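Trainee: Quick one: this structure, given as structure tokens, is what I'll be asking you about.
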């Protein structure tokens, strides 16, 4: 819930500023030039999906969302002020993990930019839990485990 609300606060900031906004999560690593001038409609991911199976867009540039029916991770994306308004309105009807919330059913105009220029590197994360990491990376089905250290 806290992550969703942090994204929501950035959508509100985008609305207040009236400017396109680029949003990154704590585990985002930029691997190329951010497409800040790309001609997208409301919201566009430019990030490589970080878990599970996904599709690769067939064309370069802005495409309809192709990787999954939702963002395969909300670690790097851009929104317009109109997109921010749409997101804040949709959030009042249904809220869920941000990447799942950003989906084709809720947001038909959702887009993505390819080649992806951002990826999640959560091997250093301090906020993940063991169950989430094992599920995300499929460790249990491969007989592997993951230990989180409480470093102070």
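Trainee: Residue by residue through segment 17-27, note down the ones that are under 15 Å from the mean Cα position of the chain (by Cα) and either under 16 Å from residue 113 (Cα atoms) or at pLDDT 95 or above (or both).
Mentor: 21, 22, 23, 24
Trainee: Going by the structure shown, is residue 84 farther than 17 Å from residue 114 by Cβ, in contact with a helix residue (DSSP H, G or I) (Cβ under 7 Å, 6 or more places away or on another chain) and outside any strand (DSSP E or B)?
Mentor: Judged against the criteria, residue 84 is a match.
Trainee: Here is a further query. So how many residues does segment 14-34 have that are outside any loop (DSSP other than H, G, I, E, B) and touching a residue at least 12 places away in the same chain (Cβ under 8 Å)?
Mentor: 10
Trainee: Specify which of the listed residues (38, 78, 91, 58) is in contact with a helix residue (DSSP H, G or I) (Cβ under 7 Å, 6 or more places away or on another chain) and either surrounded by 15 or more Cβ atoms within 10 Å (Cβ to Cβ) or in a loop (DSSP other than H, G, I, E, B) (or both).
Mentor: Going through 38, 78, 91, 58 in turn, just one is in contact with a helix residue (DSSP H, G or I) (Cβ under 7 Å, 6 or more places away or on another chain) and either surrounded by 15 or more Cβ atoms within 10 Å (Cβ to Cβ) or in a loop (DSSP other than H, G, I, E, B) (or both): 91.
Trainee: Now, a different point. When the residues of segment 94-120 are filtered to those that are buried (at least 21 other Cβ atoms within 10 Å of the Cβ) and assigned to a helix (DSSP H, G or I), which remaining residue is modelled with the highest pLDDT?
Mentor: It comes out as 98.
Trainee: Still on this structure: Criterion first (in contact with a helix residue (DSSP H, G or I) (Cβ under 8 Å, 6 or more places away or on another chain) and either outside the structural domain of residue 116 (by TED's automatic domain parsing) or within 19 Å of residue 103 (Cα to Cα) (or both)) does residue 43 satisfy it?
Mentor: Answer is yes for this residue.
The values are calculated or read from the model by the stated rules, or taken from the named source; none is laboratory data. Everything numeric in this text was worked out from a predicted model, so none of it was measured. As a convention, Cβ positions derive from the backbone with ideal geometry for all residues, glycine included, and neighbour counts pool all protein chains shown.
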